Amino acid sequence: MVAKKKVLIVDDDKFFREILSKEFLDAGFSVVTAVDGEDGLVKFKENKPQIVISDKIMPKMGGTRFLSLAREMEFSKDVIFVTMSSMIKDAPHEHEKEVLGSKIHIPKLTNPIDVVIIIEQLLDRQARS
């Protein structure tokens with residue numbers, strides 16, 4: 001079985017990182033985690049993930065700034081960037097243009113299994129384009 005893509009989860013909430021990591025690992029993804037945007041940039045450069053899921057509000061460096069800086073790196077062209085936040089109240093959705101550092105926004109209340117499914121659908125769509 002070929003390993004699925006690598007996902008970087010950037011969130012200051014340890015419990016949330018662990019729950020989301022478990023679901024991605026169970027689905028066959030490789031997982032790297034970071035505790036804030038500064039740590040996220042280091043892990044992003046070191047691991048070159050294909051998917052980045054970032055909280056919006058974190059200490060040291062928030063998600064919007066982190067995602068903006070990560071997008072500037074030359075290897076980030078095909079990376080799927082996702083903002084997850086308790087501030088997002090709508091259903092998971094995709095914007096035409098980047099908002100808060102990403103086009104994909106998912107409320108933190110979304111079931112972690114559903115987050116994995118959304119990412120798998122995005123990867124499938126990306127592979128077909």
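Every number here is computed from the coordinates shown, using simple stated rules; none is lab data. As the structure is a computational prediction, the values presented were derived from the model and not from experiment. All Cβ positions, even for glycine, are placed from backbone atoms using ideal geometry, and neighbour counts span all protein chains on display.
What the table below lists for this structure:
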read-out	value
Strands (runs of 3 or more DSSP E) fully within region 29-129 counting 2 or more residues that are free of Cβ contacts under 8 Å to residues at least 12 places away in the same chain	93-99
Failed condition for ASP36, given (1) under 13 Å from the mean Cα position of the chain (by Cα); (2) surrounded by fewer than 19 Cβ atoms within 10 Å (Cβ to Cβ); (3) among the acidic types (Asp, Glu)	(2)
Residue satisfying all of: in region 39-69; over 18 Å from VAL99 (Cβ atoms) and charged (D, E, K, R); farthest from the chain's Cα centre (by Cα) among these	LYS60
